[in-house]
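Q: This is the structure I want to talk about, given as structure tokens.
The values are calculated or read from the model by the stated rules, or taken from the named source; none is laboratory data. What you see is a predicted model; the values in this text were computed from it and never measured. Every residue, glycine as well, gets a Cβ built from its backbone with ideal geometry; the counts of neighbours run over all protein chains shown.
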Amino acid sequence: MVLRGKCWKFGDNIDTDVIIPARYLNTTNPNELASHLMEDADKEFVNKASAGDILIGGNNFGCGSSREHAPISIKGFGISCVIAKSFARIFFRNAINIGFPIIESPEVVEETDEGDELEVITKEGIIKNITKGLEYNIKAFPPFLQEIINNGGLMNWIAEVKLK
């Protein structure tokens, strides 16, 4: 999978209530949730960002509650992936379970500025900062996680791969 997009950078400890404020949790509709993505961090985010863009976070991205609404809202908006220094474990599993790629790379986070264009080649574990002409080798997802992401999530993977 090759992902390419403009970066939007956020800091450390971006919790699930910042990703999707709790006042909007009366739905699980991805499009409705996406319309409020990152609203409490940047009220204009949904008007500035575009499908295919990439979120950049610091340490402990996705901390807070265990609800799946946070990665659902990011995926529903069309963000192609999140790259952070580290992720809260429950956010990591929720993202993979819905087929959304998230990547840990402190080096990429440190050396990427908001607005930079990145290309992420998930299968090979390569991230290219097109804007700055930099390239990073990252740990690629193991094949079974790549299968889950490529199938759109754990339930789809089970239905498509394991139940055949």
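Q: Of the numbered conditions (1) closer than 22 Å to ALA22 by Cβ; (2) modelled with pLDDT of 95 or more, ARG93 satisfies every one except a single condition; which is it?
A: With (1) closer than 22 Å to ALA22 by Cβ; (2) modelled with pLDDT of 95 or more applied to ARG93, the lone miss is (2).
Q: Suppose we filter GLU68, GLU44 for residues that are among the acidic types (Asp, Glu) and under 14 Å from the mean Cα position of the chain (by Cα); which single one remains?
A: GLU68
Q: Restricting attention to the range 2-33, and to residues there that are exposed (fewer than 13 other Cβ atoms within 10 Å of the Cβ) and in contact with a helix residue (DSSP H, G or I) (Cβ under 7 Å, 6 or more places away or on another chain), which single residue is modelled with the lowest pLDDT?
A: Among residues in the range 2-33 that are exposed (fewer than 13 other Cβ atoms within 10 Å of the Cβ) and in contact with a helix residue (DSSP H, G or I) (Cβ under 7 Å, 6 or more places away or on another chain), the one modelled with the lowest pLDDT is THR27.
Q: Still on this structure: Any idea which residue in the range 34-93 is surrounded by the fewest Cβ atoms within 10 Å (Cβ to Cβ), counting only those that are of a type in the set (D, E, K, R), touching a Pro at 6+ places or on another chain (Cβ under 8 Å) and over 20 Å from ILE149 (Cα atoms)? Explain how you work it out, then say what you get.
A: Restricting attention to the range 34-93, the residues satisfying the condition of being of a type in the set (D, E, K, R) are 39-40, 42-44, 48, 53, 67-68, 75, 85, 89, 93.
So of that shortlist, the ones also touching a Pro at 6+ places or on another chain (Cβ under 8 Å) come out as 39-40, 75, 85.
From the residues that got through so far, the ones that are over 20 Å from ILE149 (Cα atoms) too are 39-40, 85.
Values: GLU39: 18, ASP40: 15, LYS85: 18.
Residue satisfying both the conditions and the ranking: ASP40.
Q: Mind telling me which of the residues ILE72, ILE56 ends up being in contact with a Lys or Arg (Cβ under 6 Å, 6 or more places away or on another chain) and either at pLDDT below 95 or hydrophobic (A, V, I, L, M, F, W, C) (or both)? Talk me through it step by step, then tell me what you get.
A: Numbers: ILE72 fails: in contact with a Lys or Arg (Cβ under 6 Å, 6 or more places away or on another chain).
Matching residue, one of ILE72, ILE56: ILE56.
Q: Within the bounds of the range 144-155, is there any residue that is touching a Gly at 6+ places or on another chain (Cβ under 7 Å), more than 13 Å from ILE83 (Cβ to Cβ) and either charged (D, E, K, R) or part of a helix (DSSP H, G or I) (or both)?
A: Yes, the range 144-155 contains at least one residue that is touching a Gly at 6+ places or on another chain (Cβ under 7 Å), more than 13 Å from ILE83 (Cβ to Cβ) and either charged (D, E, K, R) or part of a helix (DSSP H, G or I) (or both).
Q: Of all residues in the range 121-137, count the ones that are β-branched (Val, Ile, Thr), in a loop (DSSP other than H, G, I, E, B) and either in contact with a Phe, Trp or Tyr (Cβ under 6 Å, 6 or more places away or on another chain) or within 13 Å of ILE83 (Cβ to Cβ) (or both).
A: 1
Q: Can you tell me which residues in the range 12-33 are part of a helix (DSSP H, G or I) and either of a type outside the set (A, V, I, L, M, F, W, C) or under 15 Å from PHE45 (Cα atoms) (or both)?
A: Within the range 12-33, THR16, ASP17, VAL18, ILE19, ARG23, TYR24, PRO30, ASN31, GLU32, LEU33 meet the criteria.
Q: Quick test for you: out of ILE130, ILE138, ILE103, ILE121, pick the one residue that is among the aliphatic types (A, V, I, L, M), more than 18 Å from GLU68 (Cα to Cα), without any contact (Cβ under 8 Å) to a residue 40 or more places away in the chain and in contact with a strand residue (DSSP E or B) (Cβ under 7 Å, 6 or more places away or on another chain).
A: Just a single option satisfies the conditions, and that option is ILE138.
Q: If GLU68 meets every condition in (1) of a type in the set (Asp, Glu); (2) closer than 18 Å to GLU104 by Cβ; (3) touching a helix residue (DSSP H, G or I) at 6+ places or on another chain (Cβ under 7 Å) apart from one, which number is that one?
A: The single condition GLU68 does not satisfy is (2).
Q: Restricting the search to the range 124-144, which residues are surrounded by 13 or more Cβ atoms within 10 Å (Cβ to Cβ) and of a type in the set (Lys, Arg)?
A: LYS128, LYS132
Q: What are the pairs, 6+ residues apart or on separate chains, where a residue within the range 78-90 that is aromatic (Phe, Trp, Tyr) has its Cβ under 7 Å from a residue that is part of a strand (DSSP E or B)?
A: PHE87/PHE61; PHE87/ILE102; PHE87/GLU104
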